[in-house]
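The next block holds one structure in the form of structure tokens; read it before the comments.
The values are calculated or read from the model by the stated rules, or taken from the named source; none is laboratory data. Keep in mind the model is a prediction, meaning the values are calculated, not measured. Here the Cβ is made from the backbone with ideal geometry for all residues, glycine too, and neighbour counts use every protein chain on show.
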Amino acid sequence: MTCMKPEGRTPSDKSQAGIDFNAFEKMAPRPPQEADKASRNGGRVKANGIAPGGIYKPNYNILTPHMRSPEYVQLSTAAAITLGIMNGNMHRCSCTRCLNLLLTYPEGCRANCAYCGLARHREADRDYADRNFIRVDWPAVPMEELVDIVARDPENSSFHRMCISMITHPNSDADTVTVLKKWTERVPADQIPISILSNPTTMNRKDVELLRDTGADIFTVALDAATPYLFDRTRGRGVNSPHSWRKYWEILNDARDIFGEKKFGAHIIVGMGETEYEVLSLVQELVDMGGHSHMFCFFPEKGSLMDHLPATPRDQWRRVQLARYLIDYAGVRVEQMAFDEHGRVSDFGLGQRELDTIINAGIAFRTSGCPGKFADDISACDRPYGDSPPSNIASYPFQPQKSDLKKIRGQLKSYLSLPSKEL
Ligand code: SF4
């Protein structure tokens, strides 16, 4: 098997019109605007001072109440439907297997990540609890009420896992521990284990230890950007945001030491301007450390600084999904794969028959994340339509069926080095 390592891409590389990947040059975020003084730091919500009364559904034409973690948390629309506190149907899914929670404050997240609907620059036009995040609304609920519902019968709950997303706020480290305690006091951790989606910028090693000691099972770091340069462009100085690649890796290394093998991981967004070689080298690095990668397909989130940019082309996404699965679960190494001059996968490093078996099993194309109760390679965190509309699914929140696999094969078909008849 030949292995061609492309030269590392730099910001001056030329993108090619019509090419099937999101090149670095076209993926530049808009510069952020700072909000007027009155809207900063949740100014509107605090000035109105509306007391919360139970569940708050975003955009119901009532003023946003003053809600704060740890008493209040937000949860994904999918989790709210599964929990029975919101009506609705999800395309081809009866429920979600992960209860995704988000800490909430009127001041919101103090970071300004370019692809994120929760970013600080939005405070002029939307109160924090009303902002869309990974394409959906996040209703707010009192934590006690939420735990009451799940604690009635955790063993038979639809949820295979609960996850707390920390956001960047001065109180989020302490409040995450309180939310975690509120949960573990009432819900046995072996029945519904807990993941933490951390906020490294405000954390130190002791915070990571405390989360493990309080009952967290898996610790993840949302690197999101696959290279230091992209990180700085989308999450750091490029958008007046406080994050740094170095700090994220410091906490990721702490997580490896403290949580141990297969109990830590990193989130990565594919298609923000990195090459396939770069992102898959990162996947390999995480596997070599003993961890996992949890992948998202870039989607232009409404209201974000990247909402004018194209979603990741499906062929780029399918190549990376498949290659990531091979590295994470099939023992293939990035060095066994080959890449073309644009850093695209041109050979997956596996015989055609074995590759076909993995493609046909369909698991490689499901949403990736922390495992649930079915299998190590089936994520509890299925995030229905968090990275695409149902009409053109990126991450399948269910087992792909025959017709889905036909579509996936079609998307991989434009991949030049694999003759279509072999897919
Ligand atoms: S830190 Fe997380 S929640 Fe805050 S803006 Fe960045 S991606 Fe969004």
- Is there a residue in segment 342-350 that is at pLDDT 90 or above and aliphatic (A, V, I, L, M)? yes
- Message: Consider segment 326-336. How many of its residues are buried (at least 21 other Cβ atoms within 10 Å of the Cβ), within 23 Å of Pro400 (Cβ to Cβ) and in contact (Cβ under 8 Å) with a residue 40 or more places away in the chain?
- Response: 2
- Task: Output the residues belonging to segment 233-259 that are under 18 Å from Leu197 (Cα atoms) and of a type in the set (Gly, Ala, Ser).
- Result: Ser244, Ala255
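Name the single residue, out of those in segment 188-203 being among the β-branched types (Val, Ile, Thr) and part of a helix (DSSP H, G or I), that is nearest to the ligand (Cβ to nearest atom). Spell out how you get there, then give the answer.
We begin by selecting, within segment 188-203, every residue among the β-branched types (Val, Ile, Thr); these are 192, 194, 196, 201-202.
Now restrict to residues that are part of a helix (DSSP H, G or I): 201-202.
Details: Thr201: 8, Thr202: 10 Å.
Among them, the one singled out is Thr201.
Taking into account only those residues within segment 252-269 that are crowded, with 22+ Cβ neighbours inside 10 Å and touching a strand residue (DSSP E or B) at 6+ places or on another chain (Cβ under 6 Å), which is farthest from His121 (Cα to Cα)?
First, the residues of segment 252-269 that are crowded, with 22+ Cβ neighbours inside 10 Å: 252, 254-255, 259, 264-266, 268-269.
Pick out the ones that are also touching a strand residue (DSSP E or B) at 6+ places or on another chain (Cβ under 6 Å) and you get 252, 255, 259, 264-266, 268-269.
Details: Leu252: 27, Ala255: 30, Phe259: 34, Phe264: 30, Gly265: 28, Ala266: 25, Ile268: 22, Ile269: 21 Å.
Ranking the qualifying residues of segment 252-269, first place goes to Phe259.
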- Filtering segment 209-229 down to residues that are more than 28 Å from Val320 (Cβ to Cβ) and either within 16 Å of the ligand (Cβ to nearest atom) or buried (at least 20 other Cβ atoms within 10 Å of the Cβ) (or both) yields Leu211, Ala216
- Item | Residue in segment 396-421 that is farthest from Met295 (Cα to Cα), counting only those that are surrounded by fewer than 17 Cβ atoms within 10 Å (Cβ to Cβ) and modelled with pLDDT under 90 | Lys421
- Query: Mind checking whether some residue in segment 36-49 is surrounded by fewer than 19 Cβ atoms within 10 Å (Cβ to Cβ) and in contact with a Phe, Trp or Tyr (Cβ under 8 Å, 6 or more places away or on another chain)?
  - Reply: no
- Residue selected from segment 209-239 under the condition among the charged types (D, E, K, R) and not in a loop (DSSP other than H, G, I, E, B), by the criterion farthest from the chain's Cα centre (by Cα): Asp213
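Kindly indicate whether any position in segment 149-167 is under 12 Å from Thr214 (Cβ atoms) and more than 22 Å from the chain's Cα centre (by Cα).
Restricting attention to segment 149-167, the residues satisfying the condition of being under 12 Å from Thr214 (Cβ atoms) are 164.
Now restrict to residues that are more than 22 Å from the chain's Cα centre (by Cα): none.
No, segment 149-167 contains no residue that is under 12 Å from Thr214 (Cβ atoms) and more than 22 Å from the chain's Cα centre (by Cα).
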- Query: Which one of the conditions (1) in a helix (DSSP H, G or I); (2) more than 14 Å from Leu103 (Cβ to Cβ); (3) more than 16 Å from the ligand (Cβ to nearest atom); (4) touching an Asp or Glu at 6+ places or on another chain (Cβ under 8 Å) does Lys206 fail to meet, given that it meets all the rest?
  - Reply: (4)
- Inter-residue pairs, beta-carbon under 6 Å, first within 21 Å of Pro313 (Cβ to Cβ) and in segment 395-407, second part of a loop (DSSP other than H, G, I, E, B) and of a type outside the set (D, E, K, R), 6+ apart: Ser395/Thr367; Pro397/Thr367; Pro397/Pro384; Pro400/Gly362; Leu405/Gly362
- Item | Counted residues, segment 295-346 - those being part of a helix (DSSP H, G or I) and within 30 Å of Asn112 (Cα to Cα) | 9
- Message: Looking only at residues that are hydroxyl-bearing (Ser, Thr, Tyr) and modelled with pLDDT under 95 in segment 93-119, which one is surrounded by the most Cβ atoms within 10 Å (Cβ to Cβ)?
- Response: Thr96
- Query: In segment 352-395, what residues are of a type outside the set (Val, Ile, Thr), under 30 Å from Glu155 (Cβ atoms), at pLDDT 90 or above and not in a loop (DSSP other than H, G, I, E, B)?
  - Reply: Ala361, Arg366
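Hey, can you tell me all the residues within segment 372-388 that are within 22 Å of Ala79 (Cβ to Cβ), in contact (Cβ under 8 Å) with a residue 24 or more places away in the chain and not hydroxyl-bearing (Ser, Thr, Tyr)?
Pass one, segment 372-388, residues within 22 Å of Ala79 (Cβ to Cβ): 372-375, 378-388.
Filter once more, so that each one left must be in contact (Cβ under 8 Å) with a residue 24 or more places away in the chain: 372-374, 379-388.
Selection gives Gly372, Lys373, Phe374, Ala380, Cys381, Asp382, Arg383, Pro384, Gly386, Asp387.
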- Message: Given the condition surrounded by 21 or more Cβ atoms within 10 Å (Cβ to Cβ) and not hydrophobic (A, V, I, L, M, F, W, C), answer yes or no: does some residue in segment 337-344 qualify?
- Response: yes
